[in-house]
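J.: Below is a structure I'd like to ask you about.
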Amino acid sequence: MKIVVCVKQVPDTEARLKVGADGKSIAENDVNWIVSPYDEFAIEEALKLKEAGGGEVVLISVGGDRVQSALRNGLAMGADSAVHLKDPLFATLDARGTAWALAAAIKPLGPDLILCGQQGVGTDDAQVPGMLAEILDLPQVTMAVKIEIADSKAKVQREIEGATETWETTLPAVISAQKGLNEPRYASLKGIMAAKKKPITVQDAAAVGLKAEDLAPKTRIVSLEMPPARSAVKMIEGDPDTQVKELLRVLHDEAKVL
């Protein structure tokens, strides 16, 4: 089985971000970049499926030079090869454009399964997996917390509000990974050394048959701003009865929520 995993590089989830000088992007100075955590679930699941039934795991990502570090991380975990989509035309992609770029590179590979993270931490729009499935005309299942493959079909347990439901689909298909699907492994020293010799194919827009008009964004960021600073916490002293009375007074007289 050939499994393609879509990988996005995002700012470290613990980083203290600042709005850039243009007011429309984050300041990238001193930002540590990592593989989106949801994509790590997708990589781990691909590796587990490969270990169980054999096959090949190919990573694919869109972005500038720094994206190669994210791909190398996935290769160190155990993936076999990677595709890096790199072109100035990719610099302003929205979710739709990203899906088109990924689809154009994935289609010639003829994968049996495409795995994505449920959402890329950063933009958090969760649009690319659905758009990718639509462009490739493939079935999709989102929010997967368990995947079983047998007889060219996937049985997927997916998370819904307060419960789970089970879907079955033919392959190939696009499945997006949710937290709880697995516990991603750490790359071993052996894996890190082996990753240095694994191939990363770099392709530009022309190589995958795309032109500027195919990738023109349909959405744009008007501005970014940090959330307002939170007011200082007010501690209420005294015994429980006194605290309850004071809390009710504060909620009624100061916060005006009662």
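The values are calculated or read from the model by the stated rules, or taken from the named source; none is laboratory data. Just so it is clear, the model here is predicted, and its values are computed rather than measured. Note that each Cβ is placed from the backbone with ideal geometry, even for glycine, and that neighbours are counted across all protein chains shown. Protein only, heavy atoms only, side chains kept; ligands, DNA and RNA dropped before computing areas. Shrake-Rupley method; radii C 1.70, N 1.55, O 1.52, S 1.80 Å.
Residue-wise test of (1) hydrophobic (A, V, I, L, M, F, W, C); (2) in a strand (DSSP E or B).
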residue	(1), (2)
I3	yes, yes
A21	yes, no
K24	no, no
D30	no, no
E40	no, no
E45	no, no
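J.: Shifting gears a bit: Name every residue in the range 47-63 that is part of a strand (DSSP E or B) and more than 17 Å from V174 (Cα to Cα), in order of residue number.
T.: Across the range 47-63, the qualifying residue is only V62.
For (1) surrounded by fewer than 19 Cβ atoms within 10 Å (Cβ to Cβ); (2) farther than 26 Å from A216 by Cβ; (3) free of Cβ contacts under 8 Å to residues at least 12 places away in the same chain; (4) out of contact with any Phe, Trp or Tyr (no Cβ under 9 Å at 6 or more places or on another chain), each residue gets a yes or a no:
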{"position": "N29", "(1), (2), (3), (4)": "yes, yes, yes, yes"}
{"position": "V57", "(1), (2), (3), (4)": "no, yes, no, yes"}
{"position": "R66", "(1), (2), (3), (4)": "yes, no, no, no"}
{"position": "M77", "(1), (2), (3), (4)": "no, yes, no, no"}
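J.: OK, next. Check whether at least one residue in the range 107-119 is in a helix (DSSP H, G or I) and either open to solvent by 60 Å² or more (accessible area, probe 1.4 Å) or free of Cβ contacts under 8 Å to residues at least 40 places away in the same chain (or both), and report yes or no.
T.: We begin by selecting, within the range 107-119, every residue in a helix (DSSP H, G or I); these are 107-109.
From the residues that got through so far, the ones that are either open to solvent by 60 Å² or more (accessible area, probe 1.4 Å) or free of Cβ contacts under 8 Å to residues at least 40 places away in the same chain (or both) too are 107-108.
So far as the range 107-119 goes, yes, one or more of its residues are in a helix (DSSP H, G or I) and either open to solvent by 60 Å² or more (accessible area, probe 1.4 Å) or free of Cβ contacts under 8 Å to residues at least 40 places away in the same chain (or both).
J.: I'm checking my understanding of the structure. Among residues of the range 143-176 that are open to solvent by less than 40 Å² (accessible area, probe 1.4 Å) and of a type in the set (S, T, Y), which one is nearest to L102 (Cα to Cα)?
T.: S176
J.: Just one of S223, S188 is of a type in the set (S, T, N, Q), modelled with pLDDT under 90, out of contact with any helix residue (DSSP H, G or I) (no Cβ under 6 Å at 6 or more places or on another chain) and farther than 24 Å from I106 by Cβ; which is it?
T.: Details: S188 fails: modelled with pLDDT under 90.
When all the criteria are applied, what remains is S223.
J.: From the list D30, D65, D39, which one is of a type in the set (D, E) and under 16 Å from the mean Cα position of the chain (by Cα)? Break it down into steps so the answer makes sense when it comes.
T.: Details: D30 fails: under 16 Å from the mean Cα position of the chain (by Cα); D65 fails: under 16 Å from the mean Cα position of the chain (by Cα).
After applying the criteria, what remains is D39.
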